[in-house]
Amino acid sequence: MPDQNEQLQRGLAPRIVVRLADENGVLRMAASRLLTRLIELEAEGRQRIDIAITGGSDGIEMLRLVGLNPLVDSVDWSRVHMWWGDERFVPANDPDRNALQARHALLDMLVAQKGLPESNIHEIPADPRSATERNQASAEDDARAVNEAAVKFQQMLLQELGNMNGEPRMDIAWWGVGPDAHFASLMPGLPQITITDPSQLTCGVTNSPNMPPLRVSMTVPMIQRSLETWVIASGEKKRDALSKALGNFDDPQAPITFAAGRKSTLWMVDVAAAPRS
Ligand SMILES: O=C(O)C(O)[C@@H](O)[C@H](O)[C@H](O)COP(=O)(O)O
């Protein structure tokens, strides 16, 4: 089984695992850290900061906590660009959509009150088909639709963030962990987790065992270009996943083990999620 040395040799930062005793602390810590890092990067003179949001209950709750943190007023949001690491491929107004949930939890407020330009929000394309078209679609139709969205997502990344020479990349990307140890929409045992072609930044997923089955995701090569990569895991339902993932690297049966960044790799887990030693 690959160990951490292989990640280090590929230029990735060593994994630091912070275990918090406070059961609700991880999401608050991640929210504060996001705001603090944005303030620091802006103080260093950065005019543009690209971040990747994640979906799921932890990811959305973290966004809500960002909005409640008083540091939210110290960020110049006009310099911040929002992306998604993955998206459920559903219509734009479907409540399952990560972008819609993120807008309700935080982004609508940032646009309305804190100066985040709507044009800085880069949503992964939604399923454009009508309910009838979706109901009548064959597996091939679904695959075509989801792959088209993945291609558009890749084009958006390239148009906004440049060529393939180490770009495009996120400054900060954070990820939740599924109970099966997936992250993004990269599920254990599905072929997308094994994509290593550095020119493939995104992929479509047609048979996710977690609902909904159609998804669009960043690939591992894109994810591992991020400068800072964080993993957030809170609560007992994450314990099995972390038992498989802590001390483990690049394991397709535990996709979260691929979550690493070039400058820092920080996993924040709470006492309920951490396996008992
Ligand atoms: O769209 C999604 O579902 C995700 O991006 C997914 O990878 C999520 O982050 C994990 O499944 C954790 O989700 P929970 O925090 O809800 O367990």
Sequence neighbours fewer than 8 away in the same chain don't count; with that in mind, list the lysines whose C-alpha is under 16 Å from Lys237. none
Aspartates and glutamates near Lys263 by alpha-carbon distance under 13 Å, same-chain residues fewer than 8 away left out - which ones? Asp171, Glu228
With x for Gly and Pro, the residue-by-residue ³J(HN,Hα) of the stretch 64-79, computed from phi through the Karplus equation 6.51 cos²θ - 1.76 cosθ + 1.60 at θ = phi - 60° and given in whole Hz, is 4, 5, 4, x, 8, 7, x, 5, 4, 7, 9, 9, 8, 5, 5, 9
Can you give the translational diffusion coefficient of the stretch 1-75 in µm²/s, computed by Stokes-Einstein from the Kirkwood radius over Cα pairs at 10 °C and 1.306 mPa s? 109 µm²/s
Whole-Hz Karplus ³J(HN,Hα) for the stretch 103-111, in order, using 6.51 cos²θ - 1.76 cosθ + 1.60 and θ = phi - 60°, x for Gly and Pro? 5, 5, 6, 8, 5, 4, 5, 5, 5
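Based on the mean of other beta carbon atoms within 10 Å per residue, what is the order of 89-96, 137-144, 222-229, most packed first? Don't skip to the end; give the middle numbers.
Working: 89-96: 14.8, 137-144: 13.0, 222-229: 23.2.
Peptide ranking by packing, descending: 222-229, 89-96, 137-144.
What does the highest-first list of 235-246, 158-169 look like by mean Cβ count within 10 Å? Present the calculation step by step, with values, prior to reporting the outcome.
Working: 235-246: 19.2, 158-169: 12.8.
Those peptides, ordered most packed to least, come out 235-246, 158-169.
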For a quick check: with amide H placed at 1.01 Å from N, whose amide H comes under 5 Å from Val231's, ignoring anything fewer than 5 positions away on the same chain? Trp175, Leu266, Trp267, Met268
When averaged across all projection directions, what area in nm² does the alpha-carbon convex hull of the stretch 4-270 cover? 13.5 nm²
In order over the stretch 221-238: 3J(HN,Hα) from phi, Karplus 6.51/-1.76/1.60, θ = phi - 60°, whole Hz, x for each Gly or Pro, gives x, 5, 4, 7, 7, 4, 6, 10, 10, 10, 10, 10, 9, 10, x, 4, 5, 9
At 1.567 mPa s and 4 °C, Stokes diffusion of the stretch 130-182 via Kirkwood alpha-carbon radius, µm² per second: 92 µm²/s
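Every number here is computed from the coordinates shown, using simple stated rules; none is lab data. Since the model is a prediction, treat every value here as computed from it, not as a measurement. Counting neighbours? That spans all protein chains shown, and the Cβs are built from the backbone with ideal geometry, glycine included.
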